[in-house]
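The structure's right below; bear with me while I get my questions together.
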Amino acid sequence: MPKILPIKNLKNTSNISEMCNNMDEPIFITKNGYGDMVLMSIELFEATQKKWNMYSEIELSEKQIKDGKTKDARKALSAVREKYGL
């Protein structure tokens with residue numbers, strides 16, 4: 001379940017830092033009852049960023065397949081082997 005805190009709770013930075021590093025999901029910060037910010041540990045941010053990059057690569061691949069921008073795998077592998085003498 002996501003953690004939601006009002007912005008006034010950010011005064012205790014040590015507590016917030018500890019909370020971020022002990023959770024496997026972001027902490028949502030509200031201001032005047034509305035979403036304002038998201039806080040997370042560096043580890044969680046880096047893991048999330050890797051997922052975003054992977055999803056972006058998959059999306060690009062799907063677009064290339066849809067647009068017919070594909071190569072025959074055997075021919076491509078043969079070309080690589082020939083180029084590098086493998």
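The values are calculated or read from the model by the stated rules, or taken from the named source; none is laboratory data. It should be emphasised that the depicted structure is a prediction, and the values quoted were computed from it without experimental measurement. Because the Cβ atoms are built from the backbone with ideal geometry, glycine has one as well, and the counts that use them run over all protein chains shown.
For residues in region 30-76 being in a loop (DSSP other than H, G, I, E, B) and farther than 30 Å from Asn12 by Cα, which is modelled with the highest pLDDT?
Only one residue fits best here, namely Asp67.
Here is a further query. For region 57-77, state whether one or more residues are in contact (Cβ under 8 Å) with a residue 24 or more places away in the chain, surrounded by 10 or more Cβ atoms within 10 Å (Cβ to Cβ) and of a type in the set (Lys, Arg).
Checked against the condition, which is being in contact (Cβ under 8 Å) with a residue 24 or more places away in the chain, surrounded by 10 or more Cβ atoms within 10 Å (Cβ to Cβ) and of a type in the set (Lys, Arg), region 57-77 yields no hits at all.
Can you tell me which residue is surrounded by the fewest Cβ atoms within 10 Å (Cβ to Cβ) among those in region 1-26 that are free of Cβ contacts under 8 Å to residues at least 12 places away in the same chain and assigned to a loop (DSSP other than H, G, I, E, B)?
Filtering first and then ranking leaves Met1.
Which numbered condition in (1) in contact with a strand residue (DSSP E or B) (Cβ under 9 Å, 6 or more places away or on another chain); (2) surrounded by 10 or more Cβ atoms within 10 Å (Cβ to Cβ) is the only one that Gln49 fails?
Of the numbered conditions (1) in contact with a strand residue (DSSP E or B) (Cβ under 9 Å, 6 or more places away or on another chain); (2) surrounded by 10 or more Cβ atoms within 10 Å (Cβ to Cβ), the odd one out for Gln49 is (1).
Still on this structure: Hey, does region 27-34 have a residue that's without any contact (Cβ under 8 Å) to a residue 24 or more places away in the chain, hydrophobic (A, V, I, L, M, F, W, C) and either closer than 21 Å to Pro6 by Cα or in contact with a Cys (Cβ under 6 Å, 6 or more places away or on another chain) (or both)?
no
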